[in-house]
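Input: a single structure, listed below in structure tokens.
The values are calculated or read from the model by the stated rules, or taken from the named source; none is laboratory data. Fair warning: this is a prediction, and the values are worked out from it, not measured in the lab. Neighbour counts are summed over all protein chains in view; Cβ atoms, including those assigned to glycine, are modelled from backbone coordinates with ideal geometry.
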Amino acid sequence: MSTEKVLDAALGLVDREGVAALSMRRLGRELGVEAMTLYYYVPNKDAVLDGLIDRTLSRARVHPEGPWRAWARDFALSFRSALLAHPALLPLLATRPVTTPGGLETVERAARALTDEGFTPTEALHVITTLATFVIGQVLAEAGQTPGHTDPDPALVPDPAHHPTLMRALSAGLGTPADHEDRFTYALDALLTGLRPRDTTP
């Protein structure tokens, strides 16, 4: 038993059944131990949730060197990959603030690099938050599911006579993995182009 094994089990449980299924008692059953045993390795459930966030962020590359838009783009692409690997974590990443030492250090390094590019500290955090929420929102649309989700009724497919543009998009592969990636990079590049320090000239 170790902290890493506890987090491994927690991630497996969340992947299968979602964040709502996670409890210390359930996690203990997953590992074949009493819930109280887990407290030797993690202080509480919040620490487990923070550990899962840290794991996800650690898979997102943040190397603030060179042109800032290049490393920010690399972060967004790797963050998307990390989320697609564990889409059940999306509600957690979308709503829980980053408070772990590792997560805060990652944000600090990125923010410091952005201030070197002329952003104020507040603007630097705006850039980081904007990118993170953009990625989470895009992946949620791509991989998330609505409770009670069912496949769409075939009868609701657009009628070519009334929706010719939509049909051309569908025939070109709309909704496929390649389309999701293309849409993501298209929007990401547009977003990064528009992000810049505010003009402070009187």
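Apart from one condition, residue 63 fits all of (1) surrounded by 15 or more Cβ atoms within 10 Å (Cβ to Cβ); (2) touching a helix residue (DSSP H, G or I) at 6+ places or on another chain (Cβ under 6 Å); (3) farther than 24 Å from residue 140 by Cα; the exception is (1). Where residues in segment 30-58 are of a type in the set (Asp, Glu) and more than 25 Å from the chain's Cα centre (by Cα), which of them is nearest to residue 110 (Cα to Cα)? Top of the filtered list is 30.
Residues in segment 63-92 that are under 25 Å from residue 115 (Cα atoms) and under 8 Å from the mean Cα position of the chain (by Cα): 79, 80. Scanning segment 1-18 for residues that are of a type outside the set (S, T, N, Q) and part of a loop (DSSP other than H, G, I, E, B) yields 1, 18. Scanning segment 79-97 for residues that are surrounded by 17 or more Cβ atoms within 10 Å (Cβ to Cβ) and either among the polar types (S, T, N, Q) or modelled with pLDDT under 85 (or both) gives no hits.
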